[in-house]
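K.L.:
I'd like to ask you about the structure that follows.
The values are calculated or read from the model by the stated rules, or taken from the named source; none is laboratory data. All values reported here derive from a predicted model rather than from experimental measurement. So basically every Cβ, Gly included, is an ideal-geometry build from the backbone, and we count neighbours across all protein chains shown.
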Amino acid sequence: YTGYSVELYIDGKLSAFKAFTGNLLPSTHPLTIGRQDEVETQYSLLGSVDEVKMWDKEISVSQVEKLKDQWVVPVGIDEFKHHARVYPNPAQEVLFIDFTGAARPVQVSLFAVDGMKVKEHRAKSEDAFIRLDLPETLSGIYLLQIVMDNEKVISQKIIIR
């Protein structure tokens, strides 16, 4: 909701919008997709939805385009330990990643909290260890995202000093 319209983006592209002004009020009803409310059965969604995100402020179109590739469902923190060990955390100049399971990394990405990709590393199939050199200008909280060859995506919060 931008303050003047409600917008729907599919794969980072504007698909539909509805002009609307006023306040969006809290509701006790669940969010429904493809029908008016949880009781309505006349309408149905023909397709599938794999991700829904809502913001309480307007975000730019360029940021929406970046988000389509960034946020996938990460595995839990406990499961992260079974695949990789990331150290040191907090980090300064370099981040080391040891892969402990049978799965190997395909891609390692570092994202800022605004969704911007700040570092990317394409892994080789035999990589069991990655050294990620960090730009000197980085400091703050980042999301480390690792795509594995078994199609799992693991994520961990990283602090850079």
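K.L.:
Can you find, within region 92-102, the residue that is farthest from residue 159 (Cα to Cα) among those that are modelled with pLDDT of 85 or more and either in contact with a helix residue (DSSP H, G or I) (Cβ under 9 Å, 6 or more places away or on another chain) or outside any strand (DSSP E or B) (or both)? Give the steps one after another, and end with the answer.
P.N.:
First pass over region 92-102, keeping only residues modelled with pLDDT of 85 or more: 92-99.
When the remaining residues are screened for being either in contact with a helix residue (DSSP H, G or I) (Cβ under 9 Å, 6 or more places away or on another chain) or outside any strand (DSSP E or B) (or both), the result is 92-93, 99.
On the way: 92: 9, 93: 11, 99: 20 Å.
Among those that are modelled with pLDDT of 85 or more and either in contact with a helix residue (DSSP H, G or I) (Cβ under 9 Å, 6 or more places away or on another chain) or outside any strand (DSSP E or B) (or both), it is 99.
K.L.:
Quickly run through region 103-141 and pick out the residues that are of a type in the set (Gly, Ala, Ser) and crowded, with 17+ Cβ neighbours inside 10 Å. Let's see the steps before the verdict.
P.N.:
From region 103-141, those of a type in the set (Gly, Ala, Ser) are 103, 109, 112, 115, 123, 125, 128, 139-140; that's our starting set.
Result: 103, 109, 115, 123.
K.L.:
Scan region 142-156 residue by residue and report those that are without any contact (Cβ under 8 Å) to a residue 24 or more places away in the chain and surrounded by 12 or more Cβ atoms within 10 Å (Cβ to Cβ). Before you say what the answer is, go through the steps one by one.
P.N.:
Start the filter on region 142-156 by keeping residues that are without any contact (Cβ under 8 Å) to a residue 24 or more places away in the chain, which leaves 151.
Once the filter is applied, which keeps residues that are without any contact (Cβ under 8 Å) to a residue 24 or more places away in the chain and surrounded by 12 or more Cβ atoms within 10 Å (Cβ to Cβ), region 142-156 yields nothing.
K.L.:
Separate question: Looking at region 105-112, can you tell me whether even one residue there is more than 22 Å from residue 65 (Cβ to Cβ) and at pLDDT below 95?
P.N.:
Filtering region 105-112 for residues more than 22 Å from residue 65 (Cβ to Cβ) gives 105-106.
Applying the additional criterion that residues be at pLDDT below 95 yields 105-106.
The answer is yes; a qualifying residue exists.
K.L.:
Continuing with the same structure: Residues in region 11-54 that are assigned to a loop (DSSP other than H, G, I, E, B) and touching a residue at least 24 places away in the same chain (Cβ under 8 Å): how many?
P.N.:
2
K.L.:
Give the residues of region 9-23 that are within 15 Å of residue 58 (Cα to Cα) and either surrounded by 10 or more Cβ atoms within 10 Å (Cβ to Cβ) or in contact with a helix residue (DSSP H, G or I) (Cβ under 7 Å, 6 or more places away or on another chain) (or both), sorted by residue number.
P.N.:
9, 12, 14, 17, 20
K.L.:
Which pairs turn up if I take residues in region 106-118 that are assigned by TED's automatic domain parsing to the domain that holds residue 95 and under 16 Å from residue 131 (Cα atoms) and look for partners that are assigned to a strand (DSSP E or B) and charged (D, E, K, R) with beta carbon separation below 6 Å, at least 6 apart in sequence or on another chain?
P.N.:
Cβ pairs passing all conditions: 107/122; 109/117; 109/120; 110/119.
K.L.:
So, one more: Is it true that residue 57 is exposed (fewer than 10 other Cβ atoms within 10 Å of the Cβ), charged (D, E, K, R), within 30 Å of residue 114 (Cβ to Cβ) and out of contact with any strand residue (DSSP E or B) (no Cβ under 8 Å at 6 or more places or on another chain)? Before you say what the answer is, go through the steps one by one.
P.N.:
Working: exposed (fewer than 10 other Cβ atoms within 10 Å of the Cβ): yes; charged (D, E, K, R): yes; within 30 Å of residue 114 (Cβ to Cβ): yes; out of contact with any strand residue (DSSP E or B) (no Cβ under 8 Å at 6 or more places or on another chain): yes.
Yes; evaluated as a whole, the condition is true for this residue.
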